[in-house]
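Let me begin by presenting the structure, written as structure tokens, before commenting on it.
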Amino acid sequence: MTIAREISHRIKYELGVTVSIGISWNKIYAKLGSDYKKPDAITEFNRENYKDRIWQLPASDLLYVGRQTNKKLQKLGIRTIGQLAESDEKLLESHFGKIGNVLWAFANGWDEDPVCKEGYEAPVKSIGNSTTTPRDLENDLDVWIIQIALAESVAARLRKHGFKCKTVEITVRDNGLYSFSRQIHLRQPTNITNEIVTAAFQLFKDNYKWEHPIRSLGIRAADLVLDDIPVQLDLFGNQEKKEKLEKLDRTVDEIRRRFGYFSIQRAAMYQDKVLSHLDAGTHTVHPHSYFHG
């Protein structure tokens, strides 16, 4: 509370704006506290008062409970965070998949993700990006456009951190909240956008039959190796073409670094103005540990 008051005071008198701050023993409840009362307020949720103050709030106030998830919860008779916390975890998992376990844990305040020191960088085990799409995806072209944007983001970060991946994984969630993940092991490690999106799109084509429109997509590069590790060349591959593609990607990286994400785009992105508006380089990425821990 002392730290929160000091932060609030300094922001108000040094910057001339007010803030609302949440305090709790975990990040999820602290975020709820920051939204609980506005403006210029400090709210503390502790182990003694959280059931009285949090559990009576609408389930939609909880992180990751979006419009569609909330509708599905209401069909199950779950309208408050308390009802969500006291629900059968297996029931939630059967209706929502792994996100059901996450929501149940969050509702109970069982978020153990630590607050890291300034400048801390976790060891990189995989690099991924996912997004709720600007509109529901209805055909293969829609998926291709979004996967290009995601693959560009993932590949750019692989190159930035000096990695290549040996595995590509996709996640798909439709507008009925059915979701699944699939992965493929590559013949050679890569950080080339075209190779990552080609693998991702083939995974999608092999595993989705368009029973419903799609609400969100994700691509993850895993089994990382250093980008200078010696590899056995593919006797039937075109190494010269691979080197040209990687050089082209790095040129695009530099152009975007200097002039912004939308300064250069692939032609496919111009086939849909709404979907191509997605800036996969800067949009919010869901916390990786909650879904792949």
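Rounded, prolate or oblate for the range 175-217? Axes are the square roots of the Cα gyration tensor eigenvalues, ordered a ≥ b ≥ c, and the cut-off for rounded is a/c under 1.5. The shape class here is prolate. Cβ-Cβ distance of K244 and Y270, R₀ of 35 Å, FRET efficiency by 1/(1 + (r/R0)^6): the value works out to about 0.90. Based on Cα contacts under 8 Å between residues 6+ apart, the chain shows a relative contact order of 16 percent.
In this simple spin-label approximation, R79 and M1 carry label points 7 Å from Cα along the Cα→Cβ vector, and these lie 3.4 nm apart.
Shown in residue order for the range 84-89 are the 3J(HN,Hα) couplings computed by the Karplus curve 6.51 cos²θ - 1.76 cosθ + 1.60 at θ = phi - 60°: 5, 5, 8, 6, 6, 4 Hz (x for Gly and Pro). Bridge orientation summary for the chain: considering DSSP beta bridges with both residues in this region, about 90 percent are antiparallel. Considering only S87, S60, S263, the Gaussian network model of the chain with Cα springs below 10 Å gives its largest mean-square fluctuation to S263. Between the amide H of F163 and those of D227, distances stay under 5 Å, these residues lying 5 or more places away or on another chain, with hydrogens modeled in the peptide plane.
Taking the protein heavy atoms of the chain in the context of the full set of protein chains, the accessible area attributed to carbon and sulfur is 52 percent at 1.4 Å. Ranking Y50, I146, V102 by how far each Cα lies toward the positive end of the dipole of the range 1-159 (charges on Cβ) leaves Y50 at the top. Working note: Cα atoms of the chain, range along each principal axis, descending, whole Å: 66, 49, 37.
One decimal place: the segment R67-K37 gains 8.6 nm when fully extended, by the rule 0.36 nm per residue minus the C-alpha distance. Once label points are set 7 Å from the Cα along Cα→Cβ at both R258 and Y178, what is their separation, rounded to one decimal in nm? Taking the simple label geometry, R258 and Y178 are separated by 4.8 nm. Looking at the range 1-125, the accessible area is 64 square angstrom per residue; that uses a 1.4 Å probe and ignores ligands, DNA and RNA. Spacing of the modelled spin labels on L226 and R187, each 7 Å from Cα toward Cβ, amounts to 2.7 nm.
Normalised per residue, the accessible area of the range 152-278 is 59 Å², obtained with a 1.4 Å probe and no contribution from ligands, DNA or RNA. Between K166 and D279, the C-beta separation translates, for a Förster distance of 25 Å, into a calculated FRET efficiency of about 0.35. In a simple Cβ point-charge model (Lys, Arg +1; Asp, Glu -1; nothing else charged), the chain has a dipole of about 340 debye relative to its Cα centre. How many percent of the alpha carbon pairs in the range 165-276 exceed a separation of 25 Å? When every Cα pair of the range 165-276 is considered, 34 percent fall beyond 25 Å.
The values are calculated or read from the model by the stated rules, or taken from the named source; none is laboratory data. Predicted, not measured: the structure shown is a model, and the values here were computed from it. In this analysis, Cβ positions are derived from the backbone assuming ideal geometry, glycine residues included, and neighbour counts consider all displayed protein chains. Note: areas computed on protein heavy atoms with side chains; ligands, DNA, RNA excluded. Shrake-Rupley method; radii C 1.70, N 1.55, O 1.52, S 1.80 Å.
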